[in-house]
Amino acid sequence: MRVVLSVHDVDPNSPGTLALPATVLFDDVLASAPPFASYAVASGADLHVQVAFTRLQEMVNAEVRSMILGQAFRTRLAGQLADGGECYISSVGELHFYPPYPPQANEQIVVTYRGSARAIARVQDANSIASHNVGADNGRRSVVKKMKVPPAPTSIDCENAALALLDDTVQPAWMGEYRISGDCLPVNDVLPGDAVQVAAPSRQANFAAIVREVDVLLTSLAYDRAQYAIRFANDATGSMAIEFSKATLPDPLPVAFTTSGPSSAMYLPALTAARVTDVIATEITVDAGTAPPTGGGIEVRRTDGGWGPTSDGNLVGRYTSQSIELPRLSRIQEYLLRQYDGSSPTKYSRQSALVHVDYPY
């Protein structure tokens, strides 16, 4: 995680100070970022200050860095000019620099961002399929659903929801009602959402369920007695934790995950640290950001598709070194990278790293 700490010194009595550049205090990558951090307005042993206001702001999901020839890369602050920003990214993805901070001639500009796509996943239960495979029936029961509550912003969330749905629906569905006098309750009270363990040998039932409804009928006001009607069901009859809505799937997913293990075991990490290190008229040098896996390498393609050893239509090459030299055929050139290993079947990165170059000849 790259962290940039800056201070923008503004004089309320001098509006011109709003356009002054911010002072960068720290600009570096944290190799091991903590999962949580504390936000402190000020921290010190002996401070004498007045804080007019403070703000915690989520910045644009992009990183802009530039390098003047002969110097090192530095982060260009993205945001409003009055907040010390040097540039901004429009809603259509265009990078604009404010007039006080134009790039110099031949200054190399690198913009790193994360793309987005529809979060989607496909999971199957091989054991359940095998148990239903009888005669001409292949045992598959397919359904397409969309997460409604809670939302699923990532494909990992979709996988977890599908795993939860399979875990619930492959078990027998149970629901029932139990009536009991309040004097005989083993607990003080029963509320919807409580977990219960049901054991009814006469029905060959032994399962865990969730209390869905509780009706209380007052039978004696003088003795504070009531009759309870407790309705319960397991998640196979209807889930309480998640809610789905109908959905359509225009394109099938090529990879089906299984319930036997996490999908993360099927993929290698994405090349999030890949960057362009040199650009000349005929060649682009790319640092993949990590050494290729043992027995594998870095696969480079012109478009985001066809990954694997069986398709060479858009293939640029497969490389076994961290530094890759790619041909440059025009002013604007794009390449996509994924790493792969030597296992069988071959594992690839789940997401592609896009390298986009727009540099004069």
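Checking each residue in the stretch 145-168 for being at pLDDT 80 or above, surrounded by 15 or more Cβ atoms within 10 Å (Cβ to Cβ), among the charged types (D, E, K, R) and out of contact with any helix residue (DSSP H, G or I) (no Cβ under 6 Å at 6 or more places or on another chain) picks out 145, 146, 157. Quick one: residue 284 ticks every box in (1) over 29 Å from residue 95 (Cβ atoms); (2) buried (at least 18 other Cβ atoms within 10 Å of the Cβ); (3) of a type in the set (A, V, I, L, M, F, W, C) bar one, so which box is it? Status for residue 284: all satisfied but (1).
Scanning the stretch 185-218 for residues that are in contact with a strand residue (DSSP E or B) (Cβ under 9 Å, 6 or more places away or on another chain) and exposed (fewer than 12 other Cβ atoms within 10 Å of the Cβ) yields 189, 191, 193, 195, 197, 199, 203, 206, 213, 217, 218. Residues that are assigned to a helix (DSSP H, G or I) and surrounded by 10 or more Cβ atoms within 10 Å (Cβ to Cβ) within the stretch 1-32 comprise 15, 17, 18, 19, listed in sequence order. Counting the residues of the stretch 119-144 that are in contact (Cβ under 8 Å) with a residue 60 or more places away in the chain and farther than 29 Å from residue 350 by Cα gives 0. Yes or no: the stretch 278-290 includes at least one residue that is in a loop (DSSP other than H, G, I, E, B), over 24 Å from the mean Cα position of the chain (by Cα) and over 29 Å from residue 109 (Cβ atoms). Within the stretch 278-290 (the criterion being in a loop (DSSP other than H, G, I, E, B), over 24 Å from the mean Cα position of the chain (by Cα) and over 29 Å from residue 109 (Cβ atoms)), the answer is no, since none of the residues qualifies. Just one of the listed residues (326, 336, 354) is closer than 25 Å to residue 117 by Cα, in a strand (DSSP E or B) and without any contact (Cβ under 8 Å) to a residue 60 or more places away in the chain, namely 336.
Scanning the stretch 198-221 for residues that are without any contact (Cβ under 8 Å) to a residue 24 or more places away in the chain and under 13 Å from residue 235 (Cα atoms) yields one hit, 211. Scanning the stretch 158-195 for residues that are outside any loop (DSSP other than H, G, I, E, B) and farther than 30 Å from residue 217 by Cα yields 158, 159, 160, 161, 162, 163, 164, 165, 166, 167, 168, 169.
The values are calculated or read from the model by the stated rules, or taken from the named source; none is laboratory data. Predicted model only: the values in this text are computed from it and were never measured. Don't worry about glycine lacking a Cβ; one is built from the backbone with ideal geometry, like all the others, and counts go over all protein chains shown.
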